[in-house]
């Protein structure tokens, strides 16, 4: 759950794999940081290799601790609440003319005087500061619209087979069946390992080894 200005937004996914893709993304390799480390001079090769090994081990331990703190819960939207599918081309074309979104697109630096930036399937999924500026503008425009929808549905930028939800604070959501995320649950294991494979994130052995081998 994240606060955007005065709006509270709950982020969910249709399937657990979608949740795990979004959660594990923070553990992806950082190419920029790796490049900076590679430029360090006056370091013995053995020391560099040792440091890399320590970093990998520390990262896996960090993932283990992080997963151990996660819970899985099923959410239900109460009532017949309209949800906007922001990957729909017609909806994107309509939102493209909204003043709030036009300001974000113009400020993004993506367009030129001859070809202004447009809200389409590409810009709605941009990463970085420009992408964040645009998606926040879309969320605000939809939230303040006359139709007063309950939130947004969209495909994850990290895995377009997974559908995610951003539900506004005016929607009532009921939660049930809360349980600890664990590698011993077949559904939890499958969702987590598939998400890690998509992101090329290394998981602790208890998530990847056969269940009987990790006991």
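Here, each number is a calculation from the coordinates, and none is a lab measurement. On a predicted model such as this, the values are computed, not experimentally measured, just so you know. All Cβ positions, even for glycine, are placed from backbone atoms using ideal geometry, and neighbour counts span all protein chains on display.
For residue 8 and residue 147, what is the calculated FRET efficiency with R₀ set at 25 Å and r taken between the beta-carbons, to the nearest 0.05?
0.80
Quick check on region 67-215: take the gyration tensor over C-alpha atoms, sort the square-rooted eigenvalues as a ≥ b ≥ c, and tell me if it's rounded (a/c under 1.5), prolate or oblate.
Details: a/c = 3.33, a/b = 1.70, b/c = 1.96.
Since a/c reaches 1.5 but b/c is at least a/b, the shape of region 67-215 is classed as oblate.
With a ≥ b ≥ c the root eigenvalues of the C-alpha gyration tensor of region 89-148, is it rounded (a/c under 1.5), prolate (a/b larger than b/c) or oblate? Please list the in-between numbers first.
Numbers: a/c = 1.70, a/b = 1.47, b/c = 1.16.
Prolate shape, in that a/c is at least 1.5 and a/b is the bigger ratio.
Which of 10, 74 comes first, and how do the rest follow, when ranked by fewest Cβ neighbours within 10 Å?
In increasing order of surrounding Cβ atoms, one gets 74, 10.
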